[in-house]
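What follows is calculated from the coordinates using simple rules that are stated; it is not laboratory data. None of these values were measured; they are calculated from a predicted model. Cβ atoms come from the backbone with ideal geometry, glycine included; neighbour counts cover every protein chain shown.
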Amino acid sequence: MNKANPFKQFLGDLPKNIFSGFVVSLIALPLGLGLAIASEAPPIAGIIAAIAGGVVVSILGGSHLTITGPGNGLVIVILSAIVGMGEGDLYKGYLFTLAAIMLSGLLLFIFGVFRLGALSEFFPSTALQGMLAAIGVGILAKQFHVMLGFTDVKGNTISQLILIPNSIKNLLANPSNELILAACIGVLSLCFLFLYARIRNSVFQLIPAPMWVVIASIGVMYYYDLVLKTPEVLGSNLMITLPENLMASLPRPDFSKILSSEFMGYTLSITLVAVIESLLSIKAVDKLDPLKRRSNINKDLRALGIATGISGFFGGLNVVTVIARSSVNVNNGGNNRSANFFHAAFLVVFILLFAKQIQKIPMPALAAILVYTGYRLATPENLFRIYKIGKEQAIIFLTTLVATLLTSLTTGILLGILTTLLVHVFLNKSGVLFSRNWLKPNVLMYLEEETGNYYVSVKNFCSFLNFFKLKAKLDEIPPSEHAIIDFSLCEFVDHTVMEGLNDYSRSFSRQGGFFEIIGLDVHEAKTEHPFAIRKSLPESSFLNFEISLTKRQKLLQKLSTILDWEYLADPVSNYADLEQFFYFKTKWINYRYNNLESKNKDFLLFDLSYSEGAFIAKEDLRSTFLQIKVHQKMPVFTLDKENFMTAILQLSGLQDIDFKKHPDFSKRFYLSGEDVKSIRSFFTDELIFFFESHPAYYLESNGDSILIRGKERLASIQEIKQMLAFAEELLKILEKNNISIF
Amino acid sequence: MVGFAFSPNLKANIYEALRMAHYFGGELVFVHVGRKTPEKESIFNEIVGSSPVQSEKISVHWRIGDPVITLLQASKDFDVDLILLGALKRENVLKFYLGSIARKITRKAKCSVLLLINPSIERQPCQHIVVNGLDSPQTKLTIEAAFVVANALGVKKISLVEEISRSKVAVAVDDDRSLRRATLKKEKLRRQEQTRVKDVVQKLPAALTADVNWTTQSIFGRRGYSIGHYAKLVRADLLVMNAQENLSFIDRFITRDIEHILAELPTDVLIINLKGNE
């Protein structure tokens, strides 16, 4: 990296970040409006939060790629605060809640000042999952009715869930034109949102799904308005209203209830959720950072606190770090905090220029977006995944989920913690281990003087109760070093810890270090350590593939016998060399399977499961890759089809290497790499002709091997054969080139 | 001096004590707090008589009173150099010795104290000694004592552990930059501590250090705690620690350090007390 001139670097990255900020603002607009409406606050409140967050956190924050704004998790708490304190008058409740939001901003700031970010480790990860699922169910239950065009269904989450069939029946029983239109918009939007991730077209994906929904539904409204001449086809309760004059209509936070226990309760739960959601998101985004930076959590919390205070003062919601928008930011090439700032700036532009169009957004469309968000939080897959980890984890998850739905969020999470503790005591058949050792130090870390390795030994037990102690030590180890974690003196390790360690292990391997966990196998033999066995490697949970092969697998097997290659259908988690490829910089590799390897190990064909985005915004992808070893010298480069996305990348500084002699090749392909000179000499006329005359693959070289990908999906047998032929010919040309060069 | 009770470990304790006396050529004073009964006496004599290692200078005393006060008084009366106490690993398993008595004696004794957690009837050769290398005027003598013990028992390996308090690093790790700074700072502190400790060892008479293979290890962590954990981890046979010197402000912290060790004895612990040793 060019350390000497960070400012120049910053300027150079600016176009990329402006672009990414723009894409993020496209998703932030509908989400901001929707989340505010879902919390029964004025729609503009969500936008205010996003703007305050974007401006303040981008300047004062300590993370690099996060986007801040109104959060999903807070919808339920803010909603209950507004309804609860308003006692029938929603606007009054909103003013009281603004005061609570400002106060929670102060609390957040204090959290950051006293470096209490680590406190979030006190929450067992399964209980947190349960809480998030409950929030998801809450959003889904309320918004499902709105999506169908019914805005007046009241009650708590459970009764709203029960009323869903009722709403569908109502819709089918007396279909008025207005209702049908509303429901159509809602349901179609929802279908589109579910299908969107399946459509892998880079131009299409450029605009985030929620924006497509918003644009399409505004289009429909204008169609009714201008073509059919029926303005106000949907009642005003199904449309968004923005204040005419933003500055004049500023609400005043009402602090008159500040001393009541009710007010303090809401403030505390708002703060709690804000902290949890922000920290989870920051952690998740750090894993996606292509530059592998580490966020300063406490600095970020301070900035979020200030932003929340400002947002509350101007009538906005809480500002938290949000994962979905941050993932979009990473995927679109944002690489520093300015993207967050530009996202806010574009929102200001939208509100000022398109206020009229925004008011044409029908509520069912926004509700569909929220239903989808809620579904992503509460997806049943989560429960299955957790069940696979262990039955007791499923119990913890469900207890927290149900408790949160039945009572309040804070009670729910407290019950979740309690359940986890009881489960641990039950599994160990004794609570003495925990009560005796909880407050004692239990971690020893030192730099082994002979080997230069960091050695960490953990004693007694290690669970969510004292994981923060281990974490504090682990954070002090540079991830490029070799760390050995020894659990042989430790009697009990829980799921939260194993999951946390897995994160460390990943970040170490991303930065070229080693992270070894030892001493857990002793437990299996000695005490049948349930947690250690269960989570020793996350990959093991993927190993429930059916024994019988699919048709494609059988064909692959046949192909392997023809070629005399080795075929292995089972998933393998050995992918260390793949992470060096540029393509996987912002992606997350899970495992590869259907491996087809040539006898001399030069060709390796495999299906790869990997994911984009993190946390609830995670998209799982599967594609077929071919990796070939090249024995000749070769520069590091990337070759891709030229398209709209690459055109934008070029705007943002990544240079496309064009050849004057070969206008067709230059136009069709996007070639990039650091060492331009050697790439130019590497791409001989013959090679270029070869590429011109063959179907275009995504191709990447890391210096000694080439990675080839067809479409962003699994390839058919026919396509695989083509790919292999392509690779073989390519190798031949490379060999010939090599001879002619030397 | 050996304080003993009629615990299941009695035989092993006595055997260990006799062996110790043999190696160091010292005089052995057995003190039991409790009523002297012929029964107890005969058991005791039988055990002493059965030991393969015998010591000429043995005296046995039976006293009545509060164990702590009596034993401390006895240690003064007989002007002993070392109190040897049998103990169990955890305080609450056998409260009698460690919980209240051994801990109090250890804290108040004016001489060195050796706590045995795994005494054995057969001789288990002691192979590895861990010594603290705190930055304190006592440390020099503690290290010297460790080498003396090592030579007497034929121990081949000594690890000198410098515990460096985290507050000395004074850089909180938040992000990459602070991590880098903290790592550099630590490296510097580590070097400093190492030279200090190595200096101490090199000033010792060559006769003491020649036969022993010694290494140093710096640990960043809670004082007193880390060394215990380390001793357990490397399966040391003896841990040699400083005792508190006087009750100045800093030494109060050292008291707390030993408390960590006492709460959960990692191995046999020898606490060196200056005055008693001179």
Convex hull (Cα only) mean projected area of chain A, reported in nm² to one decimal: 36.7 nm²
Förster-model FRET efficiency, 45 Å R0, residue A:599 and residue A:195, C-beta, rounded to 0.05: 0.60
For chain A, calculated [θ]222 nm from helices alone, where every DSSP H run of n ≥ 4 adds -39500 (n - 2.57): -18000 deg cm²/dmol
Neighbourhood charge, 11 Å Cβ-Cβ cut-off, centred on residue B:86 and excluding it, Lys, Arg +1 and Asp, Glu -1: -1
Residue-span extension gain [residue A:667 to residue A:732] - 0.36 nm each, minus C-alpha spacing: 20.9 nm
Full-stretch length increase - residue A:675, residue A:551 - with 0.36 nm per residue and alpha-carbon distance subtracted: 40.2 nm
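Apply 1/(1 + (r/R0)^6) to the Cβ-Cβ distance of residue A:384 and residue A:716, taking R0 = 30 Å, and write down the FRET efficiency to the nearest 0.05.
With R0 = 30 Å, the Cβ-Cβ based efficiency is 0.55.
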Shape parameters for the stretch A:387-428, alpha-carbon atoms, Rg then Dmax in Å: 10.3, 30
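Quick one: if the Förster radius is 30 Å, what FRET efficiency do residue A:516 and residue B:156 give, using the C-beta to C-beta distance and rounding to 0.05?
0.55
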Point-to-point label distance, residue A:429-residue A:236, nm (Cα→Cβ direction, 7 Å offset): 7.0 nm
Sorted by Cβ density within 10 Å, fewest first, the residues A:383, A:26, A:90: A:90, A:383, A:26
Test item: Cα-centred dipole of the stretch A:338-497, Lys/Arg +1 and Asp/Glu -1 on Cβ, debye: 840 debye
Partners for residue B:232 among aspartates and glutamates (Cα-Cα distance below 14 Å; same-chain residues under 8 apart left out): A:486, B:264, B:268
Convex hull per residue volume in Å³, alpha carbons only, for the stretch A:551-741: 132 Å³
10 Å Cβ neighbours from other chains, averaged over peptide B:177-183: 3
Amide N proximity, the stretch A:207-227 versus residue A:177 label position 7 Å along Cα-to-Cβ, cut-off under 12 Å: A:224-225
Neighbouring partner chain Cβ atoms per residue of A:444-456, average, 10 Å criterion: 4
Fully extended contour minus Cα-Cα distance, from residue B:64 to residue B:107, at 0.36 nm per residue: 13.3 nm
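If you put +1 on each Lys and Arg Cβ and -1 on each Asp and Glu Cβ, how big is the dipole of the protein assembly as shown around its Cα centre, in Debye rounded to 20?
Values: 106 positive and 94 negative charges, 170 e Å.
The calculated dipole for the protein assembly as shown is roughly 820 debye.
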Fewest-first sequence of A:435, A:311, A:269 by Cβ atoms within 10 Å of each Cβ: A:435, A:269, A:311
Which listed pairs, of A:599/A:633; B:104/B:156; A:8/A:618; A:391/A:429; A:292/A:618, have C-alpha distances above 24 Å, in listed order: B:104/B:156; A:8/A:618
Residues B:223, B:191 arranged by fewest to most Cβ contacts within 10 Å: B:191, B:223
Partner aspartates and glutamates for residue A:169 [C-alpha distance under 17 Å; skip if fewer than 8 residues away on the same chain]: A:152, A:178
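Inside 10 Å of the C-beta atoms of A:474-483, what's the mean count of C-beta atoms belonging to other chains? Let's see the in-between values first.
On the way: counts 0, 7, 11, 3, 6, 2, 0, 1, 0, 0.
Whole-number average of other-chain Cβ neighbours for A:474-483 is 3.
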Simple spin-label estimate for residue A:258 and residue B:192 in nanometres, 7 Å along Cα-Cβ: 4.6 nm
Residue A:499-residue B:40 pseudo-label distance in nm [points 7 Å out on the Cα-to-Cβ vector]: 5.8 nm
Proximal aspartates and glutamates to residue A:287, defined as alpha-carbon separation beneath 12 angstrom and excluding residues fewer than eight positions away on the same chain: A:503, A:612
